[in-house]
Amino acid sequence: MKYSEQFVVRSYEACGRGFLRPDALAGYFQETAWKSAEALGFGYRAVVEHGWAWVLSRLLVRYERVPRWGEEVVVTTWPRPSEGIFACRDYLVEDAEGGVCIRATSRWLLLEAASRRPVRPERLVRTGLLEESAIEDAPLKLGPQGEVERVSEVIAGYLDVDPNGHVNNTRYIGWCTAGLVLRGGRPETWRGYHVNFVGEAHEGDVCTIWVGNGGVEVRKGDVALARMRVEPGSP
């Protein structure tokens with residue numbers, strides 16, 4: 001079953017050139033995903049009752065065009081049949097005239113909150129699944145970036161941590177994007193990007209941003225927390 005919600009691109013969600021930032025887009029995805037899951041009976045409340053937690057693992061975003069400050073957009077999301085241990089969820093972002101701006105697909109893990117062991121999604125996700133795909137491709141599993149350069153350091157703080165007690169996925173995307181921009185990248189010129197979330201940071205943790213050729217990695221010490229890789233080309 002599809003769920004849709006309208007958003008207006010606010011000034012604080014746009015970059016200096018007026019384009020919707022990747023971290024703000026991820027916020028739209030997060031907001032619609034949890035509301036969709038709640039309506040279908042496998043959202044936050046349901047997983048907490050079981051002692052489980054949803055964790056975003058992988059994301060693939062493809063641009064047709066990047067919405068701009070002041071635009072009204074509609075984000076539509078729906079769950080798809082699982083792939084092994086991954087629950088699948090797709091997204092479409094359309095403008096006020098119904099034109100597609102962005103397509104995305106994501107992979108989620110259902111984990112035991114205490115042990116962090118994976119739980120098969122079918123134990124909870126049984127309704128509202130659609131075969132329709134926003135993107136035929138799947139998010140890539142990203143390995144360590146090759147030759148990289150440390151470009152910045154951040155301390156996870158009040159603005160970064162969500163109600164689950166760890167740094168939110170939108171913040172990792174923001175850190176990755178900022179790192180790429182420091183080395184000349186501009187998200188509004190990208191065809192798309194893949195993101196993997198592979199670790200957790202908490203308030204007070206020191207995280208470093210490492211950028212290589214078309215990719216970026218967030219680390220805590222020597223441990224990778226998130227990786228982003230840009231798809232070459234343009235919207």
### Query
Would you pick out the residues in the range 47-63 that are more than 9 Å from Tyr193 (Cα to Cα) and charged (D, E, K, R)?
Glu49, Arg58
### Summary
If you go through Ala104, Ala113, Ala134, the only one that is touching a residue at least 40 places away in the same chain (Cβ under 8 Å), of a type in the set (Gly, Ala, Ser), outside the structural domain of Ala53 (by TED's automatic domain parsing) and out of contact with any His (no Cβ under 6 Å at 6 or more places or on another chain) is Ala134
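Out of all the residues in the range 41-62, is one or more more than 28 Å from Glu200 (Cα to Cα), surrounded by fewer than 20 Cβ atoms within 10 Å (Cβ to Cβ), in contact with a strand residue (DSSP E or B) (Cβ under 8 Å, 6 or more places away or on another chain) and assigned by TED's automatic domain parsing to the domain that holds Arg17? Break it down stepwise before answering.
First pass over the range 41-62, keeping only residues more than 28 Å from Glu200 (Cα to Cα): none.
Within the range 41-62, not a single residue is more than 28 Å from Glu200 (Cα to Cα), surrounded by fewer than 20 Cβ atoms within 10 Å (Cβ to Cβ), in contact with a strand residue (DSSP E or B) (Cβ under 8 Å, 6 or more places away or on another chain) and assigned by TED's automatic domain parsing to the domain that holds Arg17.
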### Task
Considering (1) touching a Lys or Arg at 6+ places or on another chain (Cβ under 9 Å); (2) more than 14 Å from Ala104 (Cβ to Cβ), say which one Trp78 fails and leave the rest.
(2)
### Message
Residues that are surrounded by 21 or more Cβ atoms within 10 Å (Cβ to Cβ), assigned by TED's automatic domain parsing to the domain that holds Leu59 and at pLDDT 95 or above: list the strands (runs of 3 or more DSSP E) wholly contained in the range 142-235 that include at least 3 such residues.
### Response
none
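Let's see how each residue does on (1) in contact with an Asp or Glu (Cβ under 9 Å, 6 or more places away or on another chain); (2) more than 25 Å from Thr105 (Cβ to Cβ):
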site: Ser133; (1), (2): yes, no
site: Lys141; (1), (2): no, no
site: Val154; (1), (2): yes, yes
site: His166; (1), (2): yes, no
site: Asn169; (1), (2): yes, no
site: Phe197; (1), (2): no, no
site: Asn213; (1), (2): yes, no
site: Val218; (1), (2): no, no
site: Met228; (1), (2): yes, no
### Task
Find all pairs meeting these conditions: Cβ atoms under 9 angstrom apart; at least six residues apart or on different chains; first residue within the range 14-28 and part of a strand (DSSP E or B) and at pLDDT 95 or above; second residue surrounded by 21 or more Cβ atoms within 10 Å (Cβ to Cβ) and basic (Lys, Arg).
Ala14/Arg21
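When you go through Ser57, Ser133 one by one, which is the residue that is under 26 Å from Arg21 (Cβ atoms), at pLDDT 95 or above, assigned to a loop (DSSP other than H, G, I, E, B) and among the small types (Gly, Ala, Ser)?
Working: Ser57 fails: assigned to a loop (DSSP other than H, G, I, E, B).
Matching residue, one of Ser57, Ser133: Ser133.
The values are calculated or read from the model by the stated rules, or taken from the named source; none is laboratory data. Every value quoted in this text rests on a predicted model; they were computed, and no experiment measured them. Cβ atoms come from the backbone with ideal geometry, glycine included; neighbour counts cover every protein chain shown.
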